[in-house]
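J.: Structure below; questions to follow.
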Amino acid sequence: MKEAYRGSDSKGDFDKFINIRKLAALDVSLNGWVPITAEFFFGAFGIMTLGILFFEATIGLYLILVSFNYIPLLIYVLLIGNQKNAKKEVRNELSKLKRYGPKGIRNYNIQQLIVFIPFSIAILSLFQEIQK
């Protein structure tokens, strides 16, 4: 159960279990290490800065809380190191994405929406690291 996706052989569906490290590795393998590192760096520090600037409004507090989700993602991307390592780490998931086409990409994109729930990725990644 430590996979980002577990394919069901009979139906060909993806399960909804999320592995945060593999989600970050999938991002890197599909989009490249430099753009994803920049995205997660901006997500962690840029969004937090925007939240501080708009802290008087409710949106500012929300932005600050969401920015904490990008910190574990940034750490994972830095630990993965490059696109080649990311592809090795998520080889099975990439083959499933190719096999299932748009359905696989849609499930992957749905999992990424969890970043908009404050502290969700931070808490999930902490629990997943403790379970290792």
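The values are calculated or read from the model by the stated rules, or taken from the named source; none is laboratory data. Predicted, not measured: the structure shown is a model, and the values here were computed from it. Here the Cβ positions follow ideal geometry from the backbone for every residue, glycine too, while neighbour counts run over all protein chains shown.
J.: Inspect the range 92-108 for any residue being under 17 Å from Ala25 (Cβ atoms), among the basic types (Lys, Arg) and surrounded by 13 or more Cβ atoms within 10 Å (Cβ to Cβ) and give the result as yes or no. Write out each step before concluding.
T.: So in the range 92-108, the residues under 17 Å from Ala25 (Cβ atoms) come out as 92-98, 104-105, 107-108.
Narrowing further to those that are among the basic types (Lys, Arg): 96, 98.
Next, from what is left, pick out any that are surrounded by 13 or more Cβ atoms within 10 Å (Cβ to Cβ): 96.
Yes, the range 92-108 has at least one match.
J.: Inspect all residues belonging to the range 6-25 and state whether any of them is exposed (fewer than 13 other Cβ atoms within 10 Å of the Cβ) and either within 16 Å of Leu126 (Cβ to Cβ) or at pLDDT 90 or above (or both).
T.: No; the residues of the range 6-25 include none that is exposed (fewer than 13 other Cβ atoms within 10 Å of the Cβ) and either within 16 Å of Leu126 (Cβ to Cβ) or at pLDDT 90 or above (or both).
J.: While we're here: Can you tell me which residue in the range 25-58 is nearest to the chain's Cα centre (by Cα), limited to those that are over 23 Å from Gln111 (Cα atoms) and among the aliphatic types (A, V, I, L, M)?
T.: Of the range 25-58, the ones over 23 Å from Gln111 (Cα atoms) are 49-58.
Adding the requirement that they be among the aliphatic types (A, V, I, L, M) leaves 50, 52-53, 57.
Details: Leu50: 21, Ile52: 24, Leu53: 26, Ala57: 27 Å.
The residue in question is Leu50.
J.: Looking at Ile71, Ile121, which one is in contact with a Leu (Cβ under 9 Å, 6 or more places away or on another chain) and within 16 Å of Ile20 (Cα to Cα)?
T.: Values: Ile71 fails: in contact with a Leu (Cβ under 9 Å, 6 or more places away or on another chain).
After ruling out the rest, the residue left standing is Ile121.
J.: Right, another one. Can you name the residue in the range 34-79 that is among the β-branched types (Val, Ile, Thr) and closer than 16 Å to Pro118 by Cβ and is also surrounded by the fewest Cβ atoms within 10 Å (Cβ to Cβ) among such residues? Working first, answer last.
T.: Step one: of the range 34-79, the residues among the β-branched types (Val, Ile, Thr) are 34, 36-37, 47, 49, 52, 58-59, 64, 66, 71, 75, 77.
Cutting the leftovers down to closer than 16 Å to Pro118 by Cβ gives us 47, 52, 58-59, 64, 66, 71.
Working: Ile47: 19, Ile52: 12, Thr58: 9, Ile59: 12, Ile64: 18, Val66: 20, Ile71: 17.
This residue is Thr58.
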